[in-house]
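Novice: The structure under discussion is supplied below as C-alpha cells; questions concerning it will follow.
The values are calculated or read from the model by the stated rules, or taken from the named source; none is laboratory data. These numbers were taken from a predicted model, which means no experiment stands behind them. Don't worry about glycine lacking a Cβ; one is built from the backbone with ideal geometry, like all the others, and counts go over all protein chains shown. With ligands, DNA and RNA removed, areas are computed over all heavy atoms of the protein, side chains included. Shrake-Rupley method; radii C 1.70, N 1.55, O 1.52, S 1.80 Å.
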Amino acid sequence: MFSEYCNPHSKKLESKYGRGMTSHFAAPSCENAKVEVLDAKTKELLCFLDKVDPHSTIGDIKSLFYKSYPQWYPARQALRLESKGKSLRDDEILQNLPVGTTATMYFKDLGPQLGWTTVFFAEYIGALLTYLLFFFRVPYIYSHTYAFTSSPHPVVTLACVCHTFHYMKRLMETIFVHRFSHGTMPLRTIIKNCAYYWGFSAWLAYYINHPLYTPPSYGELQIKYALITFAMCEMGNLSIHMSLSNLNRFRVRRCPMPTKNPFTWLFFFVSCPNYTYEVGAWMSFTVMTQVLPVAIYTLFGFIQMTIWAKGKHRAYIREFKDYPSVRMAIIPLIL
C-alpha cells in the first residue's frame, strides 16, 4: 500500500483511495521510495507520495498526481528533477533516476493540450480550404470584376489540383497511415502552426490565382516535367510513411530499411526520406507555378525539415550501433 499527502490548501489524497486499499504499486520484495512534488516556480510542496514502487514510471506518478489535481491531466504535466531542468519522459523508471529514497520532483503546467490527430486536422484542413477560397475567387479578395470567375491558364487549375491532392493525402495519412503515441501539443503551439500553414497557403494562393498571373517561362514543357516530379515525390512520401507505419507495428524498435518498393530505396542514402520527398514535391510545385512566395515557403519548409531530420538522424545513430554510416539526414551524400 502507498499513501499520499497533499498541500494542506488542497484536498487530501487519502480519501480518494480509502484506507487499507491495495495498490498495484505495492512491491513487498523491494524497498519502497518516496516522491515529493513541488511547484517549479514557488517551490511549494504540492504532493507527497509515500511507499511508491521503485519500478514505477514517471507516467504512473503523473497519474497519481492527477487524482489530486484533476485540472492537470497527465499530458499537461511536466515533471523535472530540477526546477529549470529537462522534463522527464513518461517511460523513465523511478529507480533509474539519480535520486535517493526520497525523490524531489518539480511540477510545471504545460497548459491545454491537444492530440496529434486534432493538430494535423486543424493544420491541413485550414490550409486546404484557404487555398480554395482564392481559387474560386470569392468576393472581396480580388476585384469584383473577377468574383467567381476562373483563370484562363490551365496551370492555375493544375496547381489547385496538386495543392488539394497534397493536403488530402496528408489528411488520409492522418486517418489511415500514421500511428500516434499518446503525445500532445500545447494549444498555443497549435495556434502558431495553424497561422503558419493557413497564412502561407493564403499567400501562395493569392498570387497563383491572381487575375494578372502569368504562366511559367518555358510553358507546357516546364509544367509537364514539374508535374511528373511532383507526382513521384508525393508517391515517395506516401511510401515512406507507410513503411514507417508498418515498422511501428513491431514491439521492438527496428532500424528503418529499404523494402521491395523502389520509393523506399532512398533509405540507403538518407535517414528521413519522407522529408526529402516532401521538399522535392514543393520544389517541383515552385517550378510548376514559378511564383516567388512558393519558393520562400519551400525554403522555410526545407530549413525546418532539415532540423527535424538531423535530430532523428542523431537519434538513430545513438540507438542503433550498426547504423549505416553512408546515410545522411535529408540530402544524399551532402546533408
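Novice: Does residue 119 meet the test of being open to solvent by less than 30 Å² (accessible area, probe 1.4 Å), part of a helix (DSSP H, G or I), of a type outside the set (Gly, Ala, Ser) and in contact with a strand residue (DSSP E or B) (Cβ under 9 Å, 6 or more places away or on another chain)? Let's see the steps before the verdict.
Specialist: Details: open to solvent by less than 30 Å² (accessible area, probe 1.4 Å): yes; part of a helix (DSSP H, G or I): yes; of a type outside the set (Gly, Ala, Ser): yes; in contact with a strand residue (DSSP E or B) (Cβ under 9 Å, 6 or more places away or on another chain): yes.
When the stated conditions are applied, residue 119 passes them.
Novice: With the checklist (1) over 17 Å from the mean Cα position of the chain (by Cα); (2) in contact (Cβ under 8 Å) with a residue 40 or more places away in the chain; (3) closer than 30 Å to residue 145 by Cβ in hand, flag the one item residue 167 doesn't pass.
Specialist: (1)
Novice: In addition: Quick check on my filter: what residues within segment 178-205 are surrounded by 16 or more Cβ atoms within 10 Å (Cβ to Cβ), under 20 Å from residue 274 (Cα atoms) and at pLDDT below 90?
Specialist: The one that is surrounded by 16 or more Cβ atoms within 10 Å (Cβ to Cβ), under 20 Å from residue 274 (Cα atoms) and at pLDDT below 90: 178.
Novice: Looking only at strands (runs of 3 or more DSSP E) that fall completely inside segment 36-115, which ones have 3 or more residues that are more than 16 Å from residue 186 (Cβ to Cβ) and either open to solvent by 50 Å² or more (accessible area, probe 1.4 Å) or acidic (Asp, Glu) (or both)?
Specialist: Working: elements: 45-52, 77-80, 102-109, 113-115.
Because the criterion is at least 3 residues that are more than 16 Å from residue 186 (Cβ to Cβ) and either open to solvent by 50 Å² or more (accessible area, probe 1.4 Å) or acidic (Asp, Glu) (or both), the strands (runs of 3 or more DSSP E) in segment 36-115 that meet it are 45-52.
Novice: Could you grab me the full set of residues in segment 215-232 that are outside any helix (DSSP H, G or I) and over 13 Å from residue 154 (Cβ atoms)?
Specialist: Answer for segment 215-232, where residues must be outside any helix (DSSP H, G or I) and over 13 Å from residue 154 (Cβ atoms): 217, 218.
Novice: Tally up the residues in segment 231-244 that are within 19 Å of residue 160 (Cα to Cα) and open to solvent by 10 Å² or more (accessible area, probe 1.4 Å), please.
Specialist: 4
Novice: Hey, another quick one. Name the single residue that is nearest to residue 217 (Cα to Cα) among those in segment 147-174 being assigned to a helix (DSSP H, G or I) and open to solvent by 90 Å² or more (accessible area, probe 1.4 Å).
Specialist: Looking at the filtered set, the residue picked out is 154.
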